[in-house]
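A.B. asks: The structure's right below; bear with me while I get my questions together.
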Amino acid sequence: MHSVVISGTGLYQPPHTISNAELVESFNRYVELQNAQHAAAIAAGEREPLTPSSVEFIEKASGIKQRYVIDKAGVLDPTRMYPRFEERADDQLSLMAEIAVDAGAKALAAAGKKPEDVDLVICSAANMQRAYPAMAVEIQQALGCGGYGYDMNVACSSATFALEQAYNAVRSGASKCVLIVNPEITSAHLEWKDRDCHFIFGDVCTAIVVERADLATSTDQWEILGSKAATQFSNNIRNNFGFLNKAEDSDPDARDKTFRQEGRKVFKEVVPLAAAHIEAHLASLNFEPTAVRRYWLHQANLGMNQLVIKKLVGGEAGSDVAPLILDEFANTASAGSIIAFHRHHGDLAAGDLGVICSFGAGYSIGSVIVRKRA
Ligand code: CO8
C-alpha cells in the first residue's frame, strides 16, 4: 500500500453575490405579485396567501449572509426566480465542465502537477447537467489529463466520498494522481420560490489533487490517514427530477422536481449521526476528538456545526477549531467542507491533525482524517 496525500486544492468562485437583503426583497416582490394575481381565490378561501421571507429569520436559522451565483438576474427576477443560462452547442465546453476546469487547473497549479500527470479524473457533485457523456471525460479532455474519468453523485457527500475513491485508488497502486472536481451549480436545482429553502444554497466549484506521497512535490501536503463513508436511507432531503419524468408524464415544474427537505428533521437526525461517525472514525485510528487541531465540516447550518463540535470537543463552530464559510458561500452542497479546508489550512503546522467531514442527503456522511506533512 502507498502513502497518499492531498497536495493541492482549487476554488472557482462565481462572479455574482446575492445578499440576504437582495434575496428577500425579490422573494417578497414575488409574494406580492402572486398574492395580487390570486387575490380573488385567496379572498374566497380557495387558496392560502404566500408569506414573506425575512433576513432576520435566515441569519438566525442558518448563519447564511450571502451566496455566490453564476447568474444573478434570473434568480432575482420575481417573474422568473431561477437562473438563466444559454444553451451551448455540443462542440462548446459545457457549463459544469467550464467551472470544473477553472478549479481543477488551480488545484493542479497548487500541487505543482501538470495535467498529464493525472491518471484519473472524478467529477463528483449533487447533480450532473446531462446524462452522458460523463462530465469527467469532458473535463479530462479540456484539461489535457491522461487515464480515465467518471462521474459520481452522493449529494452533499459527493466530495468526501470521491476522496475515499481517490484514496483507495492511489493507495492500492491503481492510480498515481487523481483530480477530483465538485462543480455545484445548486442555483439550478434550488426552489427559489419556496420560503422554507430559498436562502439555502450557492454556486461554486472545488477541486482536489490526491496523489502518491512519494511522487508529491507540493510544499503543502496532507497525508490521508483514513477515510470512512456511511449511508442511511432517508426521504427527508429529496429531488425527484430525473430521466423517467417524461415517461411518467409528470409535471416538470412540480414542486418535487427541485430540492425539498424536512429541514428540522434533518437537523435533529444528522447531528448525532455525524458526531458519532467522526468519533468512531477517529477512535479506529486511536485518536481522541480533542487531538484534532481543525475540523473542516459540511457547511449547511451554523447551529448544526455548533452542536457537532460541542459533542466532539466542547468548542465553538466558527472558531479556530471549526471554521465557517457558509456565511459567505451559503450551502454549496458537497463543496462546503472542501472550501473550508481550502481557505483555512495554511496556518497549521507539520504534524497537525484535521478532519474533513460532510453530511447531508442520503443520508450520507463522509469523513477523511488528514495530517500535515513536514
Ligand atoms: N422567513 C421567515 N420565516 C420563515 C422562513 C423565511 N424564509 N422560512 C420558514 N420560516 C418560518 C416557518 O414558517 C416557521 O414558522 P412557525 O414556527 O410559525 O411554523 C419558523 O420560521 C421555523 O421554521 P423551521 O422549523 O423550518 O426553521 P428551522 O429553524 O428548522 O430552520 C433550516 C430551517 C435553516 C432549513 C434548518 O432546519 C436547517 O438548516 N436544517 C438542516 C438542513 C440541512 O443540513 N440539509 C442538508 C443539506 S442539503 C444536502 O444534503 C444537499 C442536497 C443536494 C443539493 C441540492 C442543491 C439545490
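The values are calculated or read from the model by the stated rules, or taken from the named source; none is laboratory data. What you see is a predicted model; the values in this text were computed from it and never measured. For neighbour counting, all protein chains shown are included, and Cβ atoms are generated from backbone atoms with ideal geometry for every residue, glycine included. In case anyone asks, the SASA skips ligands and DNA or RNA and just uses the protein heavy atoms, side chains included. Shrake-Rupley method; radii C 1.70, N 1.55, O 1.52, S 1.80 Å.
A.B. asks: So which pairs qualify, if the first residue must be in region 289-303 and among the aliphatic types (A, V, I, L, M), the second must be part of a strand (DSSP E or B) and more than 11 Å from the ligand (Cβ to nearest atom), the Cβ gap must be under 6 Å, and the two must be at least 6 apart or on different chains?
C.D. replies: Correct list of pairs: 291/353; 292/353; 292/355; 297/322; 297/357.
A.B. asks: Condition first: in a strand (DSSP E or B), within 16 Å of the ligand (Cβ to nearest atom) and of a type outside the set (Val, Ile, Thr). Now tell me which residues in region 211-232 satisfy that.
C.D. replies: Step one: filter region 211-232 for residues in a strand (DSSP E or B), giving 211-212, 222-231.
Cutting the leftovers down to within 16 Å of the ligand (Cβ to nearest atom) gives us 229-231.
Across region 211-232, the qualifying residues are 229, 230.
A.B. asks: Given the structure, is residue 26 more than 15 Å from the ligand (Cβ to nearest atom), in contact with a helix residue (DSSP H, G or I) (Cβ under 9 Å, 6 or more places away or on another chain), under 19 Å from residue 189 (Cα atoms) and not acidic (Asp, Glu)?
C.D. replies: In short, no.
A.B. asks: Considering only residues that are within 15 Å of the ligand (Cβ to nearest atom) and in contact (Cβ under 8 Å) with a residue 12 or more places away in the chain, which ones fall in region 35-60?
C.D. replies: Within region 35-60, 49, 50, 51, 52, 53, 54, 55, 58, 59 qualify.
A.B. asks: Could I ask something else about it? Say whether the condition of being modelled with pLDDT of 95 or more, in a helix (DSSP H, G or I) and under 26 Å from the mean Cα position of the chain (by Cα) is met by at least one residue in region 4-11.
C.D. replies: no
A.B. asks: Among what's in region 298-347 and is polar (S, T, N, Q) and touching a strand residue (DSSP E or B) at 6+ places or on another chain (Cβ under 9 Å), pick the residue that is farthest from residue 361 (Cα to Cα).
C.D. replies: 306
A.B. asks: If you go through region 66-99, how many residues are assigned to a loop (DSSP other than H, G, I, E, B), among the β-branched types (Val, Ile, Thr) and crowded, with 21+ Cβ neighbours inside 10 Å?
C.D. replies: Residues flagged as assigned to a loop (DSSP other than H, G, I, E, B), among the β-branched types (Val, Ile, Thr) and crowded, with 21+ Cβ neighbours inside 10 Å within region 66-99 amount to 1.
A.B. asks: Also, quick follow-up: Take region 26-48 and flag every residue that is closer than 15 Å to residue 193 by Cβ and either surrounded by 15 or more Cβ atoms within 10 Å (Cβ to Cβ) or hydroxyl-bearing (Ser, Thr, Tyr) (or both).
C.D. replies: Answer for region 26-48, where residues must be closer than 15 Å to residue 193 by Cβ and either surrounded by 15 or more Cβ atoms within 10 Å (Cβ to Cβ) or hydroxyl-bearing (Ser, Thr, Tyr) (or both): 26, 27, 28, 29, 30, 31, 34, 35, 38.
A.B. asks: Follow-up. Among the residues of region 255-311, write down those that are of a type in the set (A, V, I, L, M) and open to solvent by 30 Å² or more (accessible area, probe 1.4 Å). Break it down stepwise before answering.
C.D. replies: Start the filter on region 255-311 by keeping residues that are of a type in the set (A, V, I, L, M), which leaves 266, 270-271, 273-276, 278, 280, 282-283, 285, 291-292, 297, 300, 302, 304, 307-309.
Within region 255-311, 273, 276, 280, 283, 285, 291, 302, 307 qualify.
A.B. asks: In this structure, is residue 250 without any contact (Cβ under 8 Å) to a residue 60 or more places away in the chain, part of a loop (DSSP other than H, G, I, E, B) and surrounded by 15 or more Cβ atoms within 10 Å (Cβ to Cβ)?
C.D. replies: Working: without any contact (Cβ under 8 Å) to a residue 60 or more places away in the chain: yes; part of a loop (DSSP other than H, G, I, E, B): yes; surrounded by 15 or more Cβ atoms within 10 Å (Cβ to Cβ): yes.
So residue 250 passes the test.
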